[in-house]
Amino acid sequence: MKRRELLKATVATAFAATASAARSDQKSQQNSMQPLSPPAKGKILVAVLVSPEAQVIDFAGPWEVFQDVHVPSRGTTMDELMPFELFTVAETTKPIRATGGLRIIPDHDFASAPVPRVIVVPAQSRPTEAMKQWLLKTYAQTDVTMSVCTGAFVLASTGMLAGQAATTHHDFYDKFAEQFPDVQLRRGVRFVENGKISTAGGLTSGIDLALHVVERYYGPEVAQQTASFMEHESKRWRA
């Protein structure tokens, strides 16, 4: 075998082994996660934290997942069937511009926001002290606080990820590792879970993490029905 062919084969084998190990590692940590208990009555409130330059797909993907969940055992009306209620929250309710110029008027500021059971943190501008304080105060009362893409930088800046495993967008692995050496960076995985805190990779990874949160609340059948309705073909949300 020529040197170039040998090198290509070696690289391909190493890449496949690394990818397989990453998938195995993710599978293992997913299986260790306990199911979440939905409330007997009422909605599961989902807070989507936004600020200028929030990455649209990072929050729109999970938003679509949660809004599309239908649980037949909850009742017969559309309101009863849909267990999640979503809202946006920001430091103020003044309009902001997300990526691509999307204009958002936040539903709540930090003072008026109801306590959510799920927080979604997309990639966005550098967090203010007020944002970090709201996250620290609120996440303790949630079932899941999840970041998408470089939203992991927002969580890490609060100290919430110290000593834990996390992931982020692959273009920012090195920067994240340098900036937060006390966080165990996981490369090549779709998402990482640590009890109440979960971090997803870039962009569409947030859809898979949101589907996995649905699975933890309502089981794989409801999550798969949601994915099928969305025509989302990835299976990487499965525990």
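The values are calculated or read from the model by the stated rules, or taken from the named source; none is laboratory data. Please read these numbers as outputs of a predicted model, since none were measured by experiment. We place every Cβ from the backbone using ideal geometry, glycine too, and count neighbours over all the protein chains shown. Only protein heavy atoms, including side chains, enter the accessible area calculation; ligands, DNA and RNA are left aside. Shrake-Rupley method; radii C 1.70, N 1.55, O 1.52, S 1.80 Å.
Odds and ends about this structure:
For (1) out of contact with any Pro (no Cβ under 9 Å at 6 or more places or on another chain); (2) part of a loop (DSSP other than H, G, I, E, B), each residue gets a yes or a no:
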{"residue": "Val89", "(1), (2)": "no, no"}
{"residue": "Lys94", "(1), (2)": "no, yes"}
{"residue": "Cys149", "(1), (2)": "no, yes"}
{"residue": "Ala162", "(1), (2)": "yes, yes"}
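- Close contacts from the range 136-164, counting a first residue that is in contact (Cβ under 8 Å) with a residue 40 or more places away in the chain and a second that is open to solvent by 30 Å² or more (accessible area, probe 1.4 Å) and hydroxyl-bearing (Ser, Thr, Tyr), with Cβ to Cβ under 7 Å and a gap of 6+ residues or different chains, come to Thr145/Tyr139.
- Test result for Ile119, open to solvent by less than 80 Å² (accessible area, probe 1.4 Å) and under 12 Å from Ile44 (Cα atoms): yes
- Selection count, the range 49-87, where residues are within 15 Å of the chain's Cα centre (by Cα) and in a strand (DSSP E or B): 2
- Against the test of being among the charged types (D, E, K, R), touching a strand residue (DSSP E or B) at 6+ places or on another chain (Cβ under 6 Å) and either crowded, with 17+ Cβ neighbours inside 10 Å or free of Cβ contacts under 8 Å to residues at least 24 places away in the same chain (or both), the options Arg190, Arg186 yield a single qualifying residue, Arg186.
- Per the listing Gly163, Gly195, Gly202, Gly151, the residue uniquely under 25 Å from Pro35 (Cβ atoms) and either touching a Gly at 6+ places or on another chain (Cβ under 9 Å) or crowded, with 19+ Cβ neighbours inside 10 Å (or both) is Gly151.
- Every pair of residues 6+ apart whose Cβ atoms lie under 8 Å, when the first sits in the range 54-79 and is closer than 16 Å to Ala40 by Cα while the second is modelled with pLDDT under 95: His70/Leu81; Val71/Leu81; Pro72/Leu81; Arg74/Glu80; Arg74/Leu81; Gly75/Leu81
- Filter result for Ala227 (in contact with a helix residue (DSSP H, G or I) (Cβ under 8 Å, 6 or more places away or on another chain), within 17 Å of Pro62 (Cα to Cα), modelled with pLDDT of 95 or more and part of a helix (DSSP H, G or I)): yes
- Consider the range 100-115 and keep the residues that are in contact with a Ser or Thr (Cβ under 6 Å, 6 or more places away or on another chain) and assigned to a loop (DSSP other than H, G, I, E, B). The one that is surrounded by the most Cβ atoms within 10 Å (Cβ to Cβ) is Pro106.
- Candidates in the range 60-96 are the residues that are closer than 20 Å to Gly206 by Cβ and charged (D, E, K, R); of these, the one that is most open to solvent (accessible area, probe 1.4 Å) is Glu85.
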